[in-house]
Structures are given as C-alpha cells and as structure tokens.
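Beneath this line is the structure, given in structure tokens, with notes to follow.
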Amino acid sequence: MIIDQKDNTSIITQEKATIIELVKKLQSLYPKFKGNNIVISLTSLRPLILEDILEFLQLSNQHRKSKHSFVIVTDKIDLNTVPDELIVVPTMQEAFDIIEMEEMERDLGF
C-alpha cells in the first residue's frame, strides 16, 4: 500500500495485497485519513469483480457521511454494475474531477 498526500486528498495505491487485506488496513488506519478526501487506486491489480469493489461499501458510506469524498479508481470492472452508493471511475483525473464537484456541492450546502 502506497499513500500519497495531495492537498486535502489521500491517494492510496494498492499494488500486491488482496482487496480484503487492503480494506482491513484502511479500517485500522482510518483515523489518519478521516479528515481528507480518499482516492483508492486499484489500477495495478488483476481484473476485479463486483464483490471486490463492494468490500469498500461500508468504509465509503462512513467516510461520505462525514462530508468527505471517497473515490475508487479502476478500469478493470464494468462500471454499470457498481451500485450508486460507491463512486468508481476509470482514471485518476476523473477521481479528482469528482472530488472537485463534490467539494463545490458541499460549499453550496448540498
């Protein structure tokens, strides 16, 4: 797991471990990230299935309730199968675009 910080966004890149191991690690390290937007980059992992992405649902819901963005980046899954509660995009640029839009919405009171 590689952690980068860009402004108020934590970018977490997973290269080797399984999704379940990553989610457990994120849950234990969550206090470190809870005040930031979070981008999870899964672009270097093997093809993913919907169940892999659903592992992040609880963490995503918890983080979004605290008025921060939680975005998963992968181009290895059919985005049409992902539930609306999760934000999954194919590129890092789209992740940053989503965060920017959500921050504007929060500033406007949505």
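Could you give the length gained on full extension between L79 and I20, defined as 0.36 nm per residue of separation minus the Cα-Cα distance, in nm? Could you put the intermediate results ahead of the total?
Details: separation 59, 0.36 × 59 = 21.24 nm, distance 2.00 nm.
That pair, L79 and I20, stretches by 19.2 nm at full extension.
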Checklist entry - What number, in percent, do you get for the relative contact order of the chain if the mean sequence gap of Cα pairs under 8 Å and at least 6 apart is divided by its residue count? => result 22 percent
Item to check | Spin-label model distance (nm) - K6 vs E94, 7 Å beyond Cα toward Cβ | outcome: 1.6 nm
Checklist entry - Which Cα, out of I3, N80, A95, lies furthest along the positive dipole direction of the chain (beta carbon charges, K/R +1, D/E -1)? => result I3
Checklist entry - Mind checking the angle between helix 19-33 and the chain's longest principal axis? C-alpha axes, 0 to 90 degrees, to the nearest 10. => result 30 degrees
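For each of T43, T81, count neighbouring Cβ atoms within 10 Å of the residue's Cβ, then give the residues from fewest to most. Provide the component values of the computation, followed by the final result.
Details: T43 14, T81 10.
Listed from fewest to most nearby Cβ atoms, that is T81, T43.
Where the eigenvalues come from the Cα gyration tensor of region 2-107, what are the semi-axes √(5λ) of the equivalent ellipsoid, largest first, in whole Å? Spell out each step's value before the answer.
On the way: eigenvalues 74, 50, 35 Å².
Three semi-axes, in Å: 19, 16, 13.
As a test of the formula, what do you get for the chain when each DSSP H run with n ≥ 4 contributes -39,500 (n - 2.57) and the sum is divided by the residue count, at 222 nm and rounded to the nearest 500 deg cm²/dmol?
Calculated at 222 nm, the ellipticity per residue is -12500 deg cm²/dmol.
Count neighbours as other Cβ atoms within 10 Å of each site's Cβ, and list the trypsin sites (Lys or Arg not before Pro) in region 1-80 that are DSSP loop with at most 15 such neighbours.
Working: sites: K6, K16, K24, K25, K32, K34, R64, K65, K67, K76; in loops: K16, K34, K67, K76.
The qualifying sites are K16, K34, K67, K76.
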Checklist entry - Which angle from 0 to 90°, rounded to the nearest 10, does the C-alpha axis of helix 92-107 make with the longest principal axis of the chain? => result 30 degrees
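So if I place +1 on the C-beta of Lys and Arg and -1 on the C-beta of Asp and Glu, and nothing else carries charge, what would the dipole magnitude of the chain be about its Cα centre? I want it in debye, nearest 20. Spell out each step's value before the answer.
On the way: 12 positive and 18 negative charges, 117 e Å.
Once rounded to the nearest 20, the dipole reads 560 debye.
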Checklist outcome for this item: Output for region 29-110: GluC sites (Glu not before Pro) sitting in coil per DSSP, at most 14 other Cβ within 10 Å, listed by number, reads E85
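Computed from the coordinates by the stated procedures, all read-outs in this text should not be read as laboratory data. Bear in mind that the values here come from a model prediction, so they are computed numbers and not experimental data. Neighbour counts run over all protein chains shown; Cβ positions are idealised from the backbone, glycine included.
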